[in-house]
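**Q** Take a look at the following structure, please.
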Amino acid sequence: MNSVGQPLQQRPLSTRLILAGIIGLIVFIMFQIAPQLLGGPGDSDTTPISKNEAREQAAAFAAQQLGHPDSPGENWAVSYRTDSSFYGYMSREKLLDQYSKAKLDQRYPFDVFHAVLHGSGEANPILSVDLNMYTGKVVGFGRGEDVSSSAETGNTGSSALPDTVNTASEPELSLEQKKELARPWLQLWEVNPAKLQIQSGTDPYSLVYTDSSVKIGESQLQYKFKFQQEQVSYFRAGFTAPAWHTSYVEDQTALARWLTGVGYGVPTLALGILALIYSILRRGHTSFKRGIFLSSAHFVIMMVSTYNMLPEASGDSLESRITSLVMLLFYLFYSLLMSLMLYFSLVGGNGLWRKEEGLNPWPRAKEPGYGRYVLDSMRAGYVWAFILLGVQTLMFIILSYTLHNWSTTDASQSPYNMRYAWLLPIVAWLAGLSEEAVYRLFGIRMVKKIVRSTFLASLITTLIWAFGHTLYPIYPISSRPIELTVIGLLFSYIFLRYGFIAVMFSHVVFDSILMGTTLIFMKESVNVGAGIVTIVLPFIVGYIVYRFNPPRKIEPAEPVSPIA
């Protein structure tokens, strides 16, 4: 960082640092990009069908097999669902290759498009259809009160059947009656009931067949049925994770929630309050005008991102509309709160460094050399982002051999559940701006006032930041804070050495490359294009700032006439 009052000048990038960036990028491509390009599941297509195709396939199945033709006013809402429990079990036990080579992922996919049909003005769905998201083949359905059961089982992968509905008025079915009702569906799925075993202990309104000849690890193939009004109301074929694995994930998730609340939520709230206080105390060394633009941009981007991630309206009933409105108001308040925290972190952090360290962490646009400084900070951001990608890749490898970490799928964070997947990368700008302002620009100097050590201050704020990422589906939970502590300390080093603008660019580029490649792997032309733009956008932004803030020419002094 430059000292206050000194001309703006970014540290030059050494040949050694640039070489480290190239090596980091190569490591990232070799171990994270290449396996996804070369290690696809056999010869199967990995390009998903569109949601419109899913709606058409679901409607055709409903008309042909469920006796429900298209009706005016009804609409299909399509979402991505995943059996994260079973996928996680296979990931943990290294069974994914076996699953795909046997082509079980085609007949019994863990990733599906879940199409739900709502009637006009109705809050409760009429029926649901699950489809293989790559082939469009129907793999399950639910109707009546078991529509939500279909969604729940398809998403969580629970080993038990969904809870039964109110059966007070339902006649109990004998085993023979249930087998008779299930037989046509097994035949439709080209399954011979004589080769299956009936699982004992199920309630009178459900039936579970097991095929012991098809196993993945400890999990056997199952065909699950439920019944209402003497017809099949739910059917799904597939595998479930063992109970011990499900229990382990539940315990780890509970730990992650505790770490997020106590290790991240409470300290972050404290930093937000302190940022407000020190913005006032250091007002003579900072400006309350400077953070307005970035905080306003943060609020707008956060609201756009929130809207993009909210589920599409599943019905036009009054209840559905009220629910959507309540969710939107909640996120409006949350976005406003986070943007205010960003604003006071920018103002307070800038004042603390200028007053107590005599350093200029966040230069003003009016300072001489600002455009060149931003351009050089952007270049440093790209180089350091490449280094960070390589370090993260190495951390994954080390943790896989030491803690045997593994990851699973998460429908709540999937771009397939966004209204516009190509908007996903705007989150990179949110993280790069807000997290670097709160935990580096303000956090490090604030905590240093208490611990009197820059390294300890960097470590403490990094741990707070790392604990905020423990709810990601990576296990064991301890592996995530370990990985992010290393990454966070590097972000702290970049901030202390290059300043706020450089570390913001490095964070944005780091996340943009990860999210951009996610879009590119989705393979649709609009997403591929958006992914490429995402990766180069920080460069474009830095260059635009440079062009609008060109180096100022030194005006020659006017000659002074000699005094007569």
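**Q** Given 372, 354, 283, 364, which one is basic (Lys, Arg), over 17 Å from residue 436 (Cβ atoms) and either surrounded by 21 or more Cβ atoms within 10 Å (Cβ to Cβ) or touching a strand residue (DSSP E or B) at 6+ places or on another chain (Cβ under 9 Å) (or both)?
**A** Numbers: 372 fails: either surrounded by 21 or more Cβ atoms within 10 Å (Cβ to Cβ) or touching a strand residue (DSSP E or B) at 6+ places or on another chain (Cβ under 9 Å) (or both); 283 fails: either surrounded by 21 or more Cβ atoms within 10 Å (Cβ to Cβ) or touching a strand residue (DSSP E or B) at 6+ places or on another chain (Cβ under 9 Å) (or both); 364 fails: either surrounded by 21 or more Cβ atoms within 10 Å (Cβ to Cβ) or touching a strand residue (DSSP E or B) at 6+ places or on another chain (Cβ under 9 Å) (or both).
When all the criteria are applied, what remains is 354.
**Q** Within the group 278, 234, 248, which residue is surrounded by 20 or more Cβ atoms within 10 Å (Cβ to Cβ) and closer than 30 Å to residue 207 by Cα? Don't jump to the end; show me each part of the working.
**A** On the way: 278 fails: closer than 30 Å to residue 207 by Cα; 248 fails: surrounded by 20 or more Cβ atoms within 10 Å (Cβ to Cβ).
Residue meeting the stated conditions: 234.
**Q** Also, quick follow-up: Name the residues in the range 192-213 that are within 38 Å of the chain's Cα centre (by Cα) and among the β-branched types (Val, Ile, Thr), would you?
**A** If the condition is that a residue be within 38 Å of the chain's Cα centre (by Cα) and among the β-branched types (Val, Ile, Thr), then 202, 208, 210 are the ones that fit.
**Q** Taking the options 440, 480, 497, name whichever one is surrounded by 22 or more Cβ atoms within 10 Å (Cβ to Cβ), within 28 Å of residue 8 (Cα to Cα) and among the charged types (D, E, K, R).
**A** Every option except 440 fails the conditions.
**Q** Applying the selection to the range 82-96, what residues are within 15 Å of residue 476 (Cα to Cα) and surrounded by fewer than 18 Cβ atoms within 10 Å (Cβ to Cβ)?
**A** 93
**Q** Right, here's the next one. Could you please tell me which pairs satisfy a Cβ distance under 7 Å, a separation of 6+ or placement on different chains, a first residue in the range 203-215 that is closer than 13 Å to residue 240 by Cα and in the same structural domain as residue 233 (by TED's automatic domain parsing), and a second residue that is in a loop (DSSP other than H, G, I, E, B) and among the polar types (S, T, N, Q)?
**A** 208/199; 208/202; 210/199
**Q** Okay, moving on. Go through the range 457-482 and count every residue that is farther than 22 Å from residue 447 by Cα and in a helix (DSSP H, G or I).
**A** 2
**Q** Here's something else I'd like to know. With the requirement that a residue be surrounded by 12 or more Cβ atoms within 10 Å (Cβ to Cβ) and over 25 Å from residue 137 (Cβ atoms), what does the range 200-227 give you?
**A** Correct list: 202, 203, 204, 205, 218.
**Q** Let me ask something else about it. Look through 66, 95, 38, 17 and report the one residue that is aliphatic (A, V, I, L, M) and without any contact (Cβ under 8 Å) to a residue 40 or more places away in the chain.
**A** After applying the criteria, what remains is 38.
**Q** Could I ask something else about it? Out of all the residues in the range 275-303, which are of a type in the set (D, E, K, R) and part of a helix (DSSP H, G or I)? Talk me through it step by step, then tell me what you get.
**A** Pass one, the range 275-303, residues of a type in the set (D, E, K, R): 282-283, 289-290.
Across the range 275-303, the qualifying residues are 283, 290.
**Q** Then there is this: From 390, 381, 369, which residue is at positive phi and touching a residue at least 60 places away in the same chain (Cβ under 8 Å)?
**A** Going through 390, 381, 369 in turn, just one is at positive phi and touching a residue at least 60 places away in the same chain (Cβ under 8 Å): 369.
The values are calculated or read from the model by the stated rules, or taken from the named source; none is laboratory data. Keep in mind it's a predicted model, so treat the numbers as computed, not measured. Here the Cβ is made from the backbone with ideal geometry for all residues, glycine too, and neighbour counts use every protein chain on show.
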